[in-house]
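The values are calculated or read from the model by the stated rules, or taken from the named source; none is laboratory data. Predicted model only: the values in this text are computed from it and were never measured. For neighbour counting, all protein chains shown are included, and Cβ atoms are generated from backbone atoms with ideal geometry for every residue, glycine included.
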Amino acid sequence: MTSCSSYIVILLVLWSGNKLYANGCYTSIISFGDSLADTGNLKQLAFKTNKVISYLLPPYGETFFHQPTGRCSDGRLIIDFLAESLGLPLIPPFLNDERSDDVVELGQGVNYAVAGASALDSSFLEAKGVYNPMTNVSLRVQLAWFKQSLPLLCANTRDCKHLIGSSLILMGEIGGNDYNGPFFSGKSIDEVKSYVPLVIDTIISAINELIEMGARTLVVPGNFPIGCNSAYLTLFGSQKEKYDPTTGCLIRLNEFAEYHNELLQTELNTIRELHPNVIIIYADYYNALMQIYRSPHKFGFTNGALKACCGGGGPFNYNSSMKCGYAYATVCDQPNTYVNWDGVHLTEAAYKHIFKGVFQGPYTTPQFNSLCPTSISSTGERQNIELNVRNSRFIYRTERA
Ligand SMILES: *[C@@H]1O[C@H](CO)[C@@H](O)[C@H](O)[C@H]1NC(C)=O
Ligand SMILES: *[C@@H]1O[C@H](CO)[C@@H](O)[C@H](O)[C@H]1NC(C)=O
């Protein structure tokens, strides 16, 4: 035998000053949004008000956490996969009684997203007779929470702007509930369409405010194709509706989501021009999910794409009076073969594929991986580590393969 052995470099810890860096790109994730990103805020709000919410009951959480965590899925969400890929811990919810003085944990991210949250203030929809049974938290409230937590977040630094600047800010998805509520209470598409510019303005103002506070990298996701959603298919499906022949989705509602996304992207371009030093990444959740609806079997969704895993029966296994979590609703055996979890939200398996398409694939503008490749736990592109650590002191160890 020759002594020709190969070595692999195992990256242990990247250090910069006394701060633990995950991959040299972002020190933390700061997240705003709704049920697509909530990792436990609504749960805390519901405990405080003794509210019973189906999302907090089994079988929610059954796949990964083995208990309900407040995530609206059977398991992890896109933000969980993102945190993992950046080498960060799961992002704790802002409202968290269990958190004591754990500034280190806070320092690696905080999640302000609340399931059910709207972009617009709750008073806007209430004035139109649309009441949100889940929460009155809006994007403005989440931003107020963020400002309120800055003294704690920045307790260990003299330069709070820098800390915000080195964080990845996940702005959304938000806005979906500004449409869900009105649609589900019978407002016409034309009326709901008139809210879209207001929703976009609200998101854009929040982004501008965060940039003022030091934000340098923001990921802004668009809306999902709601015309493929089990709840929308159940509530809007009829012989008069036009369906996309390849997917079976409702064309009018998908066009509505595209309208929101186009307006959002136009406004993001304006911010990019005004702030050339800020990286604004549009995350195309719509098309990352559409590719799955177009060929579900390719992604392992052998039970089709449109029928929910957990629900109260009917063609799409969705019945608003027998929701997943409540008695009489049934749950499928293999959630990872379904795209849709509970009629409204997706399964962990679907979120994982969307995460891959967006953060490791082509569905971001500019491409997320080109800015700061997620290295260690993702695709094994270890050569990228060299690029990431240019400005950081790092410790590594070589081992015999
Ligand atoms: C939301 O509801 C709570 C409890 O009813 C109330 O105290 C709070 O002021 C409301 N917030 C907004 C923004 O409407
Ligand atoms: C939903 O469930 C209720 C109660 O069992 C039933 O009366 C109703 O017909 C169901 N609706 C649909 C659309 O299946």
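The number of residues in the stretch 302-339 being in contact (Cβ under 8 Å) with a residue 60 or more places away in the chain, within 16 Å of ligand 2 (Cβ to nearest atom) and over 17 Å from Phe236 (Cα atoms) comes to 6. Count of the stretch 142-177 residues, restricted to those that are charged (D, E, K, R), part of a helix (DSSP H, G or I) and more than 30 Å from Ala127 (Cβ to Cβ), is 1. Checking each residue in the stretch 26-83 for being on the phi > 0 side of the Ramachandran plot and at pLDDT below 95 picks out only Asn50.
Is it the case, given these coordinates, that Thr202 is more than 27 Å from Trp341 (Cβ to Cβ) and free of Cβ contacts under 8 Å to residues at least 24 places away in the same chain?
Numbers: more than 27 Å from Trp341 (Cβ to Cβ): yes; free of Cβ contacts under 8 Å to residues at least 24 places away in the same chain: no.
Spelling it out, it is not the case that Thr202 is more than 27 Å from Trp341 (Cβ to Cβ) and free of Cβ contacts under 8 Å to residues at least 24 places away in the same chain.
Is the stretch 131-143 home to any residue that is of a type in the set (Ser, Thr, Tyr) and away from ligand 1 (no atom under 15 Å from the Cβ)? First the steps, then the outcome.
So the first thing to find is which residues in the stretch 131-143 are of a type in the set (Ser, Thr, Tyr), and the list is 131, 135, 138.
Next, from what is left, pick out any that are away from ligand 1 (no atom under 15 Å from the Cβ): none.
Checking the stretch 131-143: not a single residue is of a type in the set (Ser, Thr, Tyr) and away from ligand 1 (no atom under 15 Å from the Cβ).
Pairs only if they're at least six apart or on different chains, beta carbon under 8 angstrom, first in the stretch 114-140 and farther than 21 Å from Ala37 by Cβ and modelled with pLDDT of 95 or more, second basic (Lys, Arg) and away from ligand 2 (no atom under 16 Å from the Cβ); list them, first residue then second. Short answer, once both residue conditions are applied: Lys128/Lys187; Val130/Lys187. Listed here are the helices (runs of 4 or more DSSP H) enclosed by the stretch 178-256 that have at least 3 residues being crowded, with 19+ Cβ neighbours inside 10 Å, at pLDDT 95 or above and not hydroxyl-bearing (Ser, Thr, Tyr): 196-212.
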